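Only the coordinates and a few stated rules stand behind these numbers; no lab work does. Not measured: the values here are computed from a predicted model. No Cβ is skipped: glycine too gets one built from the backbone with ideal geometry, and neighbour counts run over all protein chains shown.
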Amino acid sequence: MAKWTPFPFAGDYNFDAEGVKSSWARLHAGDLEPLPQDPKLLQAWAHFHNGDFYKSMSMGLDLGLSGLNVANKAVCVYATYLERQEAIRQALFVEVAERTEAQIKQQPDNINAYYWRAYALGRYSQGISVAKALAQGLGTRVKTDLEHVIQKQPMHADAHIALGAFHAEVIDKVGELIGAMAYGAHKATGLTLFQQALKFNMASAMGMVEYAHALLMLDGDAVVHEATRLYQQAASAKPIDAMERLDVEMAKAELED
């Protein structure tokens, strides 16, 4: 496997298994991942929260079925924020999509398995172009998975963010009429999903950034002020771990553009 790009702020976060356990509710306010009891699994999560995504993935995979959520999250976050080569990024998302496909057959009640399948397919779709992904039926699969997650866990903030992004992306690419008729995408629904996500997890820099992206896709220049406010709010957030730090840095980059 190609060498992974290191987390650029290595050493800023120093969780161990006990630290992860004590901060679990805050660390997983977005994905509502159940608190594991296995010390090895907690250590895999510690590597994730410290930004050692490769070690987190490797340890998660070594743990088998119980470690797949941490492995898949590590891969998805790494691929989204740090992988520089598009071909490798896309291959990583395909790996997660395939792994979660098998995982769901064995763990049909594992809600985050559905979330990470949707996330991986959604990011993969962005890479090949949303229009092409919609033609291949990937959009419907993403939407179905995310709606399933929200049905089972109504306060899953990250699923609300991802589904809000789906509505915005589809409308941006095919327009409101076709988006509604062919894909069930609605502007009001998408915006409401973001608003709900930020009620469930007010500290989510990712939610603020994705909400700003969606506003600009849907309403352009008319909402630049609101989008900028969201980017500023995200950029001033206090990240608790490596993933949140990457979201904050992304917000800062948006403000510089």
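Here are some notes:
- Largest mean-square fluctuation among Gln103, Gln136, Gln153, in a Gaussian network model of the chain whose springs join Cα atoms under 10 Å apart, belongs to Gln136.
- Segment 179-218 and segment 38-114 have Cα centres separated by 25 Å.
- Neighbourhood charge, 14 Å Cβ-Cβ cut-off, centred on Leu27 and excluding it, Lys, Arg +1 and Asp, Glu -1: -3
- For the pair Lys40 and Ala87, label points projected 7 Å from Cα toward Cβ lie 3.5 nm apart.
- Note on the chain: GNM, Cα springs under 10 Å; of Ala203, Ala180, Ala157, the largest mean-square fluctuation is that of Ala180.
- Cα gyration tensor shape for segment 56-130, rounded if a/c is under 1.5, else prolate or oblate: oblate
- Mean Kyte hydropathy of -1.0 or more with a Cα span along the axis of at least 18 Å, helices from DSSP in the chain: 68-81, 86-106, 111-128, 138-152, 157-174, 187-200, 205-219, 242-256
- Gained length - Arg229 relative to Lys132, 0.36 nm times residue gap less alpha-carbon distance: 31.7 nm
- Highest-MSF residue in the chain out of Ser125, Ser22, Ser66 [GNM, Cα springs under 10 Å]: Ser22
- Counting only residues at least eight positions apart within a chain, or on another chain, the aspartates and glutamates with an alpha carbon under 13 Å from that of Lys3 are Asp52, Glu83.
- Relative contact order (%) - segment 1-128, alpha-carbon pairs under 8 angstrom, separation at least six: 20
- Remark: segment 1-132 carries a charge dipole of roughly 300 debye about the Cα centre, counting +1 on each Lys and Arg Cβ and -1 on each Asp and Glu Cβ.
- Each residue in Trp24, Trp116 was given a count of other beta-carbon atoms within 10 angstrom of its own, and listing them fewest first yields Trp24, Trp116.
- Mean Cα-pair separation over length for the chain, i.e. relative contact order, pairs under 8 Å, 6 or more apart, %: 15
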